[in-house]
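Data first, discussion second: the structure below is written as structure tokens.
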Amino acid sequence: IPLVLHGSSGISYKMRKKIASTTNVAKFNIGTELRMIAGDSLRYNINKNIDIFDRLKLLKPTIIKIKNHTKKVIKNLGIINE
């Protein structure tokens, strides 16, 4: 039976990789981890670019950081070999 591991944001990459390869966990919930990346990135972008008011320009670097971090997590689990 595939399982979901709730609260995976607090689990180290090493432990996630071990769980992914040795158990029936099929899904790792990492919402908190991604929200932290988004919050930190958005704060940085707003503080760095005080003259920019276009929300899309402020959000674009944040979206890129979330995407890159998500790829890193998935790659660590051994699902993709990019």
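The values are calculated or read from the model by the stated rules, or taken from the named source; none is laboratory data. In this text, all values refer to a predicted model and were calculated from it rather than measured experimentally. Because the Cβ atoms are built from the backbone with ideal geometry, glycine has one as well, and the counts that use them run over all protein chains shown. Note: accessible area is taken over every heavy atom of the protein model, side chains too, but ligands, DNA and RNA are not part of it. Shrake-Rupley method; radii C 1.70, N 1.55, O 1.52, S 1.80 Å.
Being touching a Pro at 6+ places or on another chain (Cβ under 9 Å) and open to solvent by less than 40 Å² (accessible area, probe 1.4 Å) is a description that does not apply to residue 73. Scanning segment 1-50 for residues that are among the polar types (S, T, N, Q) and over 26 Å from residue 61 (Cβ atoms) turns up 12, 21, 22, 23, 24. Annotation: of all residues in segment 23-37 being in contact (Cβ under 8 Å) with a residue 12 or more places away in the chain and farther than 16 Å from residue 74 by Cβ, the one that is most open to solvent (accessible area, probe 1.4 Å) is 36. When residue 8 is tested against (1) of a type in the set (Gly, Ala, Ser); (2) open to solvent by less than 80 Å² (accessible area, probe 1.4 Å); (3) out of contact with any Asp or Glu (no Cβ under 9 Å at 6 or more places or on another chain), exactly one condition is not met: (3). Within segment 11-22, the only residue that satisfies the criterion of being among the β-branched types (Val, Ile, Thr) and loosely packed, with under 12 Cβ neighbours inside 10 Å is 22. Tell me whether segment 4-15 contains one or more residues that are assigned to a strand (DSSP E or B) and either in contact (Cβ under 8 Å) with a residue 12 or more places away in the chain or within 22 Å of residue 71 (Cβ to Cβ) (or both). Scanning segment 4-15 turns up at least one residue that is assigned to a strand (DSSP E or B) and either in contact (Cβ under 8 Å) with a residue 12 or more places away in the chain or within 22 Å of residue 71 (Cβ to Cβ) (or both). Could you tell me whether any residue of segment 15-25 is among the polar types (S, T, N, Q), out of contact with any His (no Cβ under 7 Å at 6 or more places or on another chain) and at pLDDT 95 or above? No.
Can you name the residue in segment 38-70 that is β-branched (Val, Ile, Thr), in a helix (DSSP H, G or I) and open to solvent by 60 Å² or more (accessible area, probe 1.4 Å) and is also farthest from residue 9 (Cα to Cα) among such residues? My answer is 46.
Against the criterion of being of a type in the set (Val, Ile, Thr) and either at pLDDT 95 or above or in a helix (DSSP H, G or I) (or both), residue 79 does not qualify.
Checking each residue in segment 23-78 for being of a type in the set (Lys, Arg) and farther than 29 Å from residue 3 by Cα picks out 43, 48, 55, 57, 60.
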